[in-house]
């Protein structure tokens, strides 16, 4: 059994990259340009750093959140039988010619030529590669279906005008799931099953979302939905009517000739709203658009007929979800994370230097050890050991970084019986707890 | 607390991508070309699949092993205070010009031009990016040092002649750690600390390795070591003498003018051997080679002097370790994994169809549920539910895929008291265990 849990799960802030002082705020503002709140907060607080226009490094705090989000997605994808793989980043031109996307994708595709003069693109999605992968396996039986393969890997798109940090970057982490079914009927069952998994995922993240009918665009296919976080900085326009229940991307309404009003109610009762959305997920029923040209087939129950797969593809913008949820939840001065994926859950602030300073710090260390001995709190505790600063000053930083809970070790923490001050960062609510209460409270914290 | 563990932790083989029938062996042989044992075994058993010459998809079994290896590396890197980040794949040409590596790397660098005519390379290593990242943070104090930043991301190298699958591919997963110290002395302490973490890591993987003095090559710097797995398919030649203790890359011995014999003993007592090694790790002390041109500095204890960082960089070939360890351990017909990173630990084979067939399968399911309820065995159990096959036939597959332990549910498993037959796949040793013994045995299985 893994038994590798020691003091290192207590992060000391002085060793924490996220605490290094950024360049002057003015200098940072210049880098960020005219951007959105989440992007600024993530830059100022060393959650991300710009590498080039549209390309961002994910720094330690950001990566902890990202890895939690990935575990969450893994749980939901594997919960519906998804099998995780990792396909190559480079995709040969020939495959993209076969699908017709080499030309269709235009300048958004990063292309390169290798030393042998072969052309490749950096995959923005992997329909071609995964379909060819299945086509190369002989004799897949109808009994093996559905097959659901997904990956969480870095994708590339040469955006004309990258902006808003991870919301619209040129390289980004994406989850792409590809499903292979034997009939249109079962493919649609699979489609619904994946949508349900997406609903569970977004429910667990906890940021309000809408699911709207979407246009299929360059991916193709004949049925598509999009998941959006509603936010002013969103690139898409979605049409929502509480009365008739219409939820669709405005683009689709235009394609369908359903504008000016997509609402199905008489004009007098129409409550159609147009809102801006950040697209965080997209589902497509593809039919045989890819399986047919790639000759990806299975053997039917008669034991001789080879039939094209009915395919679906299902994307989640992982780095986009990360920033979009921060955009939805943060205040102007403080990062806020979905609770489950916050980089760390607990921030301990021992009282400032004074006659008992060592006692407070020692208590913080003991408490941290006790907490991180619980399996679900490993790595979740940070001690702010800048003992020369007041509690209040350190609370400002904890608030700025958005740790969900602060435990303040003030004078009452050294009294008998000890009282620990627990602050809910989002609501600012303060509760004094006994050690037992604190243990029971932290037992219930959900982590991933 | 995370409580997301249900039946899905039991993988049913009919849904397992790794069990789909490959194309004819002859067809596969053609794809693989003249390659090594591990590459063939990994292709035939759907651990990896070729995407293009030198590029490989990692399939579900392979990815489970890879993710375990990554967790192991995370533990050891974080154990020495390493902070995990993820830098961009694309690196702007200008930075590589600053370091002088744009020209020096030659054709091994994949280069591309974006829609705005800016040039980038796909990073094979990230000295430039990480040094610039640190240079952009003003006022790093000597008190913040050492800083240790690492990432585990996909890297790219346009190998002239890619071969042996993941051993020498054109895209691969690499762990790269960069350290920033205040002086040569502390940088060397950090260097030793990282080497010790590497030793622990390789000890835990369990495949015999050698650490040799290495040449610095294009990375530069003035001190370097390499970690090798000794194997005939290795690309490097290492010189080892049990008597004088010399362990060095032959290339370095040549540079140093220490050939024909690097051994320090008189010729008559020299026991120098030349062996082939697969380089799985590399450590470099860089000094100020990168910090100087990128002006990456810290503020010294006097509060005014800005001094160049003393840097180190430390690589591990993650996908290469995966395949090289399989190469070292496998038989000609069966995959063997380092125990800790085997895709699954336990393979349950319930007795074939017959009068009691449902009872055996039900017992397998109950046993699997019991085992996977233990935290460390989540996802570690596979039931071979191909109830139309004999136990022997299914044992052949378990052996071929290299699951460390088989639990065979034969007639004795339904007797009272029940006896479970446990087979150690590597040694073929068979032990009959009571349920209590089985529980205590599986409690002790180390997983990650």
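The values are calculated or read from the model by the stated rules, or taken from the named source; none is laboratory data. Just so you know, these numbers come straight off a predicted model, no measurement behind them. Counting neighbours? That spans all protein chains shown, and the Cβs are built from the backbone with ideal geometry, glycine included.
Kindly check whether there is at least one residue in segment B:43-55 that is under 17 Å from residue A:149 (Cα atoms), out of contact with any helix residue (DSSP H, G or I) (no Cβ under 7 Å at 6 or more places or on another chain), surrounded by 19 or more Cβ atoms within 10 Å (Cβ to Cβ) and modelled with pLDDT of 55 or more.
Within segment B:43-55 (the criterion being under 17 Å from residue A:149 (Cα atoms), out of contact with any helix residue (DSSP H, G or I) (no Cβ under 7 Å at 6 or more places or on another chain), surrounded by 19 or more Cβ atoms within 10 Å (Cβ to Cβ) and modelled with pLDDT of 55 or more), the answer is no, since none of the residues qualifies.
For the structure I just gave you, tell me whether residue A:352 is more than 28 Å from residue B:79 (Cα to Cα), in contact (Cβ under 8 Å) with a residue 12 or more places away in the chain, assigned to a loop (DSSP other than H, G, I, E, B) and more than 14 Å from chain B (Cβ to nearest Cβ).
Spelling it out, residue A:352 is indeed more than 28 Å from residue B:79 (Cα to Cα), in contact (Cβ under 8 Å) with a residue 12 or more places away in the chain, assigned to a loop (DSSP other than H, G, I, E, B) and more than 14 Å from chain B (Cβ to nearest Cβ).
Say whether the condition of being over 15 Å from the mean Cα position of the chain (by Cα), surrounded by 20 or more Cβ atoms within 10 Å (Cβ to Cβ) and more than 7 Å from chain A (Cβ to nearest Cβ) is met by at least one residue in segment B:83-93.
Yes, the conditions are met somewhere in segment B:83-93.
Looking at B:113, B:131, can you tell me which residue is under 29 Å from residue A:160 (Cβ atoms) and out of contact with any helix residue (DSSP H, G or I) (no Cβ under 7 Å at 6 or more places or on another chain)?
B:113
Between B:157, B:143, B:170, B:132, which is under 21 Å from residue A:113 (Cβ atoms) and within 10 Å of another protein chain (Cβ to nearest Cβ)?
B:170
Say we look at segment B:411-444 and pick out the residues that are part of a loop (DSSP other than H, G, I, E, B) and in contact with a helix residue (DSSP H, G or I) (Cβ under 7 Å, 6 or more places away or on another chain); which of these is nearest to residue B:343 (Cα to Cα)?
B:425
Can you find a residue that is closer than 25 Å to residue A:93 by Cα, out of contact with any strand residue (DSSP E or B) (no Cβ under 6 Å at 6 or more places or on another chain) and either free of Cβ contacts under 8 Å to residues at least 24 places away in the same chain or outside any helix (DSSP H, G or I) (or both) anywhere in segment A:178-188?
No, segment A:178-188 contains no residue that is closer than 25 Å to residue A:93 by Cα, out of contact with any strand residue (DSSP E or B) (no Cβ under 6 Å at 6 or more places or on another chain) and either free of Cβ contacts under 8 Å to residues at least 24 places away in the same chain or outside any helix (DSSP H, G or I) (or both).
From the residues in segment A:112-129 that are touching a strand residue (DSSP E or B) at 6+ places or on another chain (Cβ under 9 Å) and at the interface with chain B (Cβ under 7 Å from one of its Cβ atoms), which one is farthest from residue B:46 (Cα to Cα)?
Result: A:112.
Under 34 Å from the mean Cα position of the chain (by Cα) and over 30 Å from residue A:442 (Cα atoms): which single residue out of A:379, A:315, A:303 fits that description?
It is A:315.
Quick grid of which residues meet (1) outside any helix (DSSP H, G or I); (2) at negative phi; (3) out of contact with any strand residue (DSSP E or B) (no Cβ under 8 Å at 6 or more places or on another chain):
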site	(1), (2), (3)
B:243	yes, yes, yes
B:265	yes, yes, yes
B:268	no, yes, yes
B:282	yes, yes, no
B:301	yes, yes, yes
B:312	yes, yes, no
B:319	no, yes, no
B:334	yes, yes, yes
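Within the set of pairs 6+ apart or on separate chains, which have a first residue in segment A:379-397 that is on the phi > 0 side of the Ramachandran plot, a second that is crowded, with 19+ Cβ neighbours inside 10 Å and part of a strand (DSSP E or B), and C-beta atoms under 6 Å apart?
none
So, in segment A:57-82, how many residues would count as being under 15 Å from the mean Cα position of the chain (by Cα) and more than 7 Å from chain B (Cβ to nearest Cβ)?
Residues that pass the stated criteria total 15.
Could you check residue A:164 against (1) surrounded by fewer than 19 Cβ atoms within 10 Å (Cβ to Cβ); (2) touching a helix residue (DSSP H, G or I) at 6+ places or on another chain (Cβ under 6 Å) and say which number it fails?
Here residue A:164 meets the rest and fails (1).
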